[in-house]
Amino acid sequence: MPAGDIAMRLGVLQNTLSAHLRILHQAHLVVNTREGRVIRYRADHAAMQALLAYLLEDCCQGDASICAPLMETLRCAC
């Protein structure tokens with residue numbers, strides 16, 4: 001989806017959203033594709049799953065059983 005459309009749907013300024021999208025792109029969490037003057041953005045779901053798995057590895061102050069159902073879901077989705 002183009003950045004302008006995303007900004008409109010979220011109700012944020014386009015330049016603010018563009019700054020956030022640039023950071024997410026640098027973190028490899030979104031992918032962009034140029035189509036003429038328009039840049040389309042899409043989420044990199046595999047990268048987001050990997051990030052969530054990493055963040056949840058040591059969650060809940062060492063009690064991994066609390067996060068176990070979500071971790072299992074992330075493992076199966078990859």
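Results, tabulated for the structure shown:
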read-out: Förster radius 30 Å - calculated FRET efficiency between Leu13 and Ser65 (Cβ-Cβ, nearest 0.05); value: 0.10
read-out: Integer Hz, Karplus 6.51/-1.76/1.60 couplings in order for segment 22-29, x for Gly and Pro; value: 4, 5, 5, 5, 5, 8, 6, 9
read-out: Placed amide H near Asp44: partners under 5 Å, 5+ positions off or other chain; value: Val30, Val31
read-out: Extension gain, Leu52 back to Ile23 (0.36 nm per residue minus Cα-Cα distance, nm); value: 8.7 nm
read-out: Choice from Leu29, Leu51, Leu21 with maximal GNM fluctuation in the chain (Cα, 10 Å cutoff); value: Leu51
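No value in this document is a laboratory result; all are computed from the given coordinates. Note that this is a predicted model, so its numbers are computed, not measured. Every residue, glycine among them, receives a Cβ derived from its backbone with ideal geometry; neighbour counts consider all protein chains shown.
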